[in-house]
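Just below is one structure, and these are the notes that go with it.
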Amino acid sequence: MYVALLALSAAITGGLAVYAWRRQDEPGAVPFAGLMAATSVWTVCAAATLLTRDPEVHLLIEQGQWAATVFVPVFWVLFALTYTGHDELVSGRTVLLLSIVPVVSLALGLTNPLHGLVWTDTRVYVASGVAIATRLPGDWYWVFVVYAYALIGTGTLLILRLVFVSDYLFTDQAVLLVVGTIVPLVGNAVSVTEVTPLPGIDVTPFAFTVTGITFGYALFRRRLFELVPATRRLGRDTAIATLDDSILILDSNYHVIYVNPEAADVLDCNPREVLSAPAANLIDTSVIEFDVPDALAELHIDGRFYEARSSTITDRRDREIGHTLVLHDITVRKRREHRLRQQRDELAQLDHLNEAIHDSTQAFVSATSRNAIETVVCDRLTASDLYTEASIVVDPTDEIVASDGGEKIEGADTPIVIPTMGSTEEAVSSVSETLPDVLDTEHGSWAVVPLRYGQSIYGTLVLYTTRSDAFESRELTVLGQFGDTISQAINAVENQRLLLADTVTELTFRCPDAALAEVTRKAGCRLSLKGLVPTSDSEMLLYYHAMDGSAQHAVDTASGIDGIDGTRVVDDADDMVEFTLTDRSALLALSEGGANVRTAEADEGEYRVVAEVAPKKDIRALTEHIREYCPRATLAAKRDLDRPVETDQQDALPDDTLDELTDRQREVLEAAYRAGYFRWPRDRTAEEVAESITVSSPTLHKHLRRAEEQLLDSLFDQNDDTDRPRKRESE
């Protein structure tokens with residue numbers, strides 16, 4: 001019966017050892033297999049001693065049993081450590097240290113007849129057909145017993161602790177393991193103290209039957225190696241260790257007891273050195289509400305933003321024992337939110353600015369003077385509350401003073417003054433071609449918006465504001481476009497004044513360094529202007545009559561002279577010469593400046609131009625503009641003239657006939673006329689005329705036909721009572 005019971009116990013524990021060894025990759029499987037193998041050997045040897053009556057063989061088997069016995073506590077504590085997730089403590093050095101006492105005990109047991117330290121006396125006798133050995137424990141035996149019980153107790157406490165720290169998740173497993181450990185431990189204690197009802201028989205191997213059953217139940221029914229506490233603990237530790245967030249753990253007095261590596265990097269501290277230090281030494285704890293569950297706060301550390309989430313740590317009695325702080329870097333989010341707010345505010349300001357610009361544009365559409373346009377622009381911009389000051393500077397000596405409602409800006413000891421340096425033209429040309437210039441001062445910002453149309457300079461629009469986010473790129477782009485609109489409006493008003501004015505200012509310029517002056521000087525001829533056609537912002541076709549039959553000689557002489565891009569004889573009979581000028585001509589500047597050229601003559605190195613401008617035209621700016629093309633140009637004469645009143649002639653075209661033509665139609669019509677396109681036979685073909693003004697032949701024909709239709713309508717239908725629809729084209 002005893003042998004059968006021990007055989008059953010050995011079979012169960014041996015089977016568990018084999019099963020665990022096959023799953024040795026699971027946490028705790030290897031020491032568990034060792035534990036079951038040792039108990040199985042212990043049980044097999046115990047059964048063998050019962051069947052052996054030979055004293056010497058009996059003692060030999062007892063030695064084998066002792067070899068298994070000494071390693072059972074080591075395997076148990078190693079299993080408990082690895083299974084509960086403390087495998088960082090299980091190393092080769094740990095195993096070596098734990099095995100010192102068992103190895104010494106094994107060696108002393110095998111050599112016991114020499115010294116008697118383990119057993120002082122051993123006797124074997126047969127009772128009821130069973131061989132029984134009695135041994136008297138020696139000093140080292142008790143040393144080993146204490147050591148073994150200490151290891152088994154440590155492992156058992158680790159398993160019991162698992163019940164509580166895992167929120168009772170592994171209760172069933174823990175209870176089965178503890179029961180399977182306590183039963184043989186009690187049996188061993190009974191045998192050691194010799195209070196057993198079976199003197200000389202070790203009860204421990206019989207108790208291993210309970211161990212095998214409980215451990216087997218835990219293994220197969222409670223998924224011992226599938227729901228492994230080590231996986232939970234190590235997974236939690238790994239998750240915390242691999243978190244990108246910074247973690248601090250504080251005690252109930254808000255002193256640091258743990259700082260993860262990420263928090264150490266963020267706070268620039270040594271985790272060991274800050275232990276027990278007040279958390280206030282590392283972060284601003286005044287903004288964190290520790291008493292509020294999952295409270296959120298925002299911290300600013302070394303130029304970065306962190307969201308701090310605090311949680312209260314409680315024990316099983318719900319007593320507060322500390323706090324955890326998780327710092328999440330939200331710098332990217334904060335910056336993105338800041339950019340979105342900036343964009344939102346910028347769009348709102350742009351919308352406000354566009355409204356002010358729209359109001360200004362609507363207001364100066366009906367303006368009849370430059371002063372009216374400037375007044376409307378400045379009033380609308382200052383009324384929008386976007387700008388404290390808005391002024392248009394024309395005179396280079398003007399100074400703009402920043403003020404607020406006539407008062408000096410608050411905080412400024414003296415008014416802020418921005419003088420314009422040099423000529424208006426120089427001030428404008430120094431500004432970026434794409435965006436207005438910006439100047440930041442202590443109290444605000446200035447923007448200088450150039451006002452130019454073509455090559456005509458109308459000054460600068462100077463804006464001042466105290467807004468901190470003023471004059472961003474989008475706002476400057478809108479202001480630059482508005483500056484172009486203002487310039488076009490001023491140009492249109494001045495041209496209209498020139499056309500409708502009862503008086504005009506006649507200007508006479510002498511340009512000895514003009515390109516055509518050089519032609520007449522070298523050719524010894526005289527040239528008189530008959531017509532001009534601007535073909536682009538930097539090119540113009542000029543038609544001159546060459547006196548004394550010198551047309552071909554003038555053409556030959558013009559070759560190679562700077563500023564003349566092309567020349568040819570248009571009509572040999574009339575000595576008409578076509579010049580293509582790109583530089584060194586006052587006519588380029590006068591055309592761009594909106595002047596009406598009356599005459600232009602070149603005679604043996606002298607070049608004289610007479611032009612008409614509106615009475616209030618900026619003559620100095622126009623003269624400076626002419627000097628850009630002809631540096632030696634001078635204003636020879638200036639006088640105000642009354643325009644003669646012209647009487648209507650029945651056969652003449654209405655005065656506004658040419659006004660109804662688009663600018664492009666007039667250019668094409670005059671270019672074709674001056675080139676001899678309308679003569680018979682034609683001096684130049686349509687393709688040649690088109691090439692000279694850089695348009696395609698179909699485009700030339702389209703403009704010519706529409707211009708001819710407009711002129712003929714005005715000639716033949718001017719007395720009709722019913723208006724005939726007329727086609728207009730936009731350029």
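The values are calculated or read from the model by the stated rules, or taken from the named source; none is laboratory data. Predicted model, so just to flag it, every value in this text is computed and none were measured. So basically every Cβ, Gly included, is an ideal-geometry build from the backbone, and we count neighbours across all protein chains shown.
Somewhere in the range 74-96, is a residue farther than 29 Å from Ala174 by Cβ and surrounded by fewer than 22 Cβ atoms within 10 Å (Cβ to Cβ)?
no
Only one of these conditions is not met by Asp237: (1) at pLDDT below 70; (2) closer than 30 Å to Asp329 by Cβ; (3) in contact with a helix residue (DSSP H, G or I) (Cβ under 8 Å, 6 or more places away or on another chain). Which number is it?
(3) is the only condition that Asp237 fails.
Residues are listed down the side, and each one gets a yes or a no for (1) assigned to a loop (DSSP other than H, G, I, E, B); (2) at pLDDT below 85; (3) surrounded by fewer than 16 Cβ atoms within 10 Å (Cβ to Cβ):
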residue	(1), (2), (3)
Arg632	yes, no, yes
Ala637	no, no, yes
Thr647	yes, yes, yes
Pro654	yes, yes, yes
Gly676	yes, yes, no
Arg682	yes, yes, yes
Thr694	yes, yes, yes
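Pick out the one residue from Val57, Val70 that is under 30 Å from Thr122 (Cα atoms), at pLDDT below 85 and over 60 Å from the mean Cα position of the chain (by Cα). Even if it seems obvious, please write down each step before you answer.
On the way: Val70 fails: at pLDDT below 85.
When all the criteria are applied, what remains is Val57.
How many residues are of a type in the set (Phe, Trp, Tyr), crowded, with 21+ Cβ neighbours inside 10 Å and within 15 Å of Tyr217 (Cα to Cα) when one looks only at the range 6-54?
Of the range 6-54, the ones of a type in the set (Phe, Trp, Tyr) are 19, 21, 32, 42.
Remaining after also requiring crowded, with 21+ Cβ neighbours inside 10 Å: 32, 42.
If we keep only those that are within 15 Å of Tyr217 (Cα to Cα) too, we end up with 32.
Matching residues across the range 6-54 total 1.
So the check is Cβ under 8 Å with 6+ separation or different chains; which pairs have a first residue in the range 365-377 that's in contact (Cβ under 8 Å) with a residue 24 or more places away in the chain and a second one that's in a loop (DSSP other than H, G, I, E, B) and surrounded by 18 or more Cβ atoms within 10 Å (Cβ to Cβ)?
Ile373/Ala367
Hey, among Val175, Val192, Val179, which residue is touching a strand residue (DSSP E or B) at 6+ places or on another chain (Cβ under 9 Å), modelled with pLDDT of 70 or more and either under 20 Å from Ala47 (Cα atoms) or of a type in the set (Val, Ile, Thr) (or both)? Walk me through how you get there before you give the answer.
On the way: Val175 fails: touching a strand residue (DSSP E or B) at 6+ places or on another chain (Cβ under 9 Å); Val179 fails: touching a strand residue (DSSP E or B) at 6+ places or on another chain (Cβ under 9 Å).
Every option except Val192 fails the conditions.
Within the range 480-489, identify whether any single residue is surrounded by fewer than 20 Cβ atoms within 10 Å (Cβ to Cβ) and over 30 Å from Asp379 (Cα atoms), and answer yes or no.
No - not one qualifying residue is present in the range 480-489.
Out of Glu687, Glu708, I need the residue that is under 22 Å from Thr582 (Cα atoms) and not assigned by TED's automatic domain parsing to the domain that holds Leu542. Which one?
Numbers: Glu708 fails: under 22 Å from Thr582 (Cα atoms).
Just a single option satisfies the conditions, and that option is Glu687.
Do we have Asp404 as surrounded by 11 or more Cβ atoms within 10 Å (Cβ to Cβ), at pLDDT below 85 and among the acidic types (Asp, Glu) here? Step through it out loud before you land on a result.
On the way: surrounded by 11 or more Cβ atoms within 10 Å (Cβ to Cβ): yes; at pLDDT below 85: yes; among the acidic types (Asp, Glu): yes.
The answer is yes for Asp404.
Within the range 504-527, can one find any residue that is free of Cβ contacts under 8 Å to residues at least 24 places away in the same chain and not in a helix (DSSP H, G or I)?
The first filter runs over the range 504-527 and keeps only residues free of Cβ contacts under 8 Å to residues at least 24 places away in the same chain, leaving none.
No, every residue in the range 504-527 fails to be free of Cβ contacts under 8 Å to residues at least 24 places away in the same chain and not in a helix (DSSP H, G or I).
List pairs: first residue in the range 133-152 and outside any helix (DSSP H, G or I), second residue among the basic types (Lys, Arg) anywhere in the structure, Cβ distance under 6 angstrom, at least six positions apart or on different chains.
Correct list of pairs: Thr134/Arg123.
Hey, can you tell me all the residues within the range 584-622 that are among the hydroxyl-bearing types (Ser, Thr, Tyr) and surrounded by fewer than 17 Cβ atoms within 10 Å (Cβ to Cβ)? Steps first, answer last, please.
Restricting attention to the range 584-622, the residues satisfying the condition of being among the hydroxyl-bearing types (Ser, Thr, Tyr) are 585, 591, 599, 607.
Across the range 584-622, the qualifying residue is only Thr599.
I'd like the full set of residues that are over 20 Å from Asp284 (Cβ atoms), in contact (Cβ under 8 Å) with a residue 24 or more places away in the chain and in contact with a strand residue (DSSP E or B) (Cβ under 6 Å, 6 or more places away or on another chain), limited to the range 302-340.
Ile313, Glu320, Ile321
Considering only the range 368-388, I want to know if a residue exists there that is within 22 Å of Lys616 (Cα to Cα), modelled with pLDDT of 55 or more, over 32 Å from the mean Cα position of the chain (by Cα) and in a loop (DSSP other than H, G, I, E, B). Please lay out each step first, then the result.
Within the range 368-388, the first condition is being within 22 Å of Lys616 (Cα to Cα), and the residues that meet it are 368-378.
From the residues that got through so far, the ones that are modelled with pLDDT of 55 or more too are 368-378.
Next, from what is left, pick out any that are over 32 Å from the mean Cα position of the chain (by Cα): 368-378.
Add one more test, that the residue is in a loop (DSSP other than H, G, I, E, B), and what stays is 368-369.
Yes, the conditions are met somewhere in the range 368-388.
Restricting to the range 294-336, give me the number of residues that are exposed (fewer than 12 other Cβ atoms within 10 Å of the Cβ) and either under 34 Å from the mean Cα position of the chain (by Cα) or at pLDDT 85 or above (or both). Write out each step before concluding.
Filtering the range 294-336 for residues exposed (fewer than 12 other Cβ atoms within 10 Å of the Cβ) gives 294, 302-303, 314-319, 321, 332, 336.
Still in the list and also either under 34 Å from the mean Cα position of the chain (by Cα) or at pLDDT 85 or above (or both): 294, 302-303, 332, 336.
Residues that pass the stated criteria total 5.
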